1. Can you list, bin by bin at 5 Å, the percent of alpha carbon pairs in region 2-201, starting at 0?
2. Over region 2-201, what relative contact order in percent results from Cα pairs under 8 Å that are six or more residues apart?
3. Which of S116, G82, A144 sits closest to the plus end of the dipole of region 32-170, meaning its Cα is farthest towards the positive end, when Lys and Arg get +1 and Asp and Glu get -1 on the C-beta?
4. R0 = 56 Å: FRET efficiency of S116 with V324, Cβ-based, nearest 0.05?
5. Please calculate how many Å² of accessible area region 205-336 carries per residue, with a 1.4 Å probe and no DNA, RNA or ligand atoms counted.
6. Given Cα pairs under 8 Å that are at least 6 residues apart, what percent is the relative contact order of the chain?
7. Mind checking the per residue accessible area of region 43-95 for me, 1.4 Å probe, whole number of Å²?
8. Starting from the Cα of S208, step 7 Å along the direction of its Cβ; do the same at S284; then give the gap between the two resulting points in nm.
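The values are calculated or read from the model by the stated rules, or taken from the named source; none is laboratory data. Computed from a predicted structure; not experimentally measured. When we count neighbours, we look across all protein chains shown, and the Cβ atoms used for this are built from the backbone with ideal geometry, even at glycine. Areas reflect the complete protein model, heavy atoms only, side chains present, ligands, DNA and RNA absent. Shrake-Rupley method; radii C 1.70, N 1.55, O 1.52, S 1.80 Å.
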Amino acid sequence: MKTLAKKDINKILGIWAQKHALLAPAKMDNGDCIFGAFDEKTFTLDYKKPPLSPKSFFFPQAEIIFRVENNKYNEVVAAKKGLIFGLRSCDMMGIRQASSFMSRDNEDIYYKARQSSAATVVMACPHAQNETCFCTTTLSGPVAQKGFDLQLYDTGDVFLVEVGSPRGEELLAGIPLAEMEEAKAKLKIDEFIKKARLTIPEVKSVASAMDKLKDKKVAEKVWDDFGAKCITCGGCAFVCPTCTCFNVYDHQNSPGNGLRLRAWDACLYGGFTREASGHNPRVSQALRLKRRHEHKLLDYNKTDIQDGLCGCVGCGRCSDYCPVHIGTLEVVKAIAG
Ligand code: SF4
Ligand code: SF4
């Protein structure tokens, strides 16, 4: 198996940055880590789960999808050759899940253009990033099974390099590499995964909550109680790597000139499902929360579990950031009783 020396990582990222818009973990002045444009000065390998997943790389918070200039229609499909370095396996699974959704029924050309032109380098998780990680329960970690171009295992001074695609092979061209005997590398990876799993225990209430949802045995009071607490900030949807709700806005600058843009929306907002007639099928916050969690834990499973794809990838961000503690972990515990 190929290996990379950790001391060379800045040099390697510099090489990749010459040909790609490179996103990598960056440490901010306040100590937070984000996925940002690669910069040697802010780049860090000492990072935890960034507050925002890298979904905005493929699905920006707001993007123009067409312009009308002097009555002429111009579609805007923006895609530059990108590379996301340092993804965790839950976020890799989030990309696979969102990509599956965005190509179901009708291909979303704006998402597809960005996603297919971006390479991914996963950094296998050596341990839980914090107490809300539950990727082993949703089959999305601690290491990625597929979808990546390269996956790196940090073994101290060197990264073991798993190649996941022909594009991954191309990324390694011109990079300083060494070799480790396959059997020895496999042992190291098995040990890595075993150690990581010990720090990310299975959350048994997820499976029992899924069963109760499937059997329609969840008391309405569970949703009423959460609905009474929710302040409708939408934060849980915005931090979630698999949430892809959006709304579309038209803006006229002058007669014959304007644009259409789409921007993130959230199923927890009252207006999201309000119909033109004024009727709203999900009229209360309780119903909206119920639908959100069915979407995360029930419906996708019916169609996607064969491929290990679940609407929730166990990143724990909704539990980290909901100001009133209505993350998926809290919800499954309440459902499971
Ligand atoms: S529902 Fe919560 S835990 Fe699941 S993927 Fe979204 S943010 Fe992460
Ligand atoms: S983050 Fe919490 S309070 Fe905000 S919309 Fe989501 S559930 Fe409601």
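1. Once binned at 5 Å, the Cα pair distances of region 2-201 give 1, 7, 14, 19, 20, 16, 11, 6, 3, 2, 1, 1, 0.
2. After rounding, I find 23 percent.
3. S116
4. For S116 and V324, the calculated efficiency is 0.90.
5. 47
6. Relative CO of the chain lands at 21 percent.
7. Working: 2410 Å² over 53 residues.
Per-residue accessible area for region 43-95 comes out at 45 Å².
8. Reported label-point gap for S208 and S284 is 2.6 nm.
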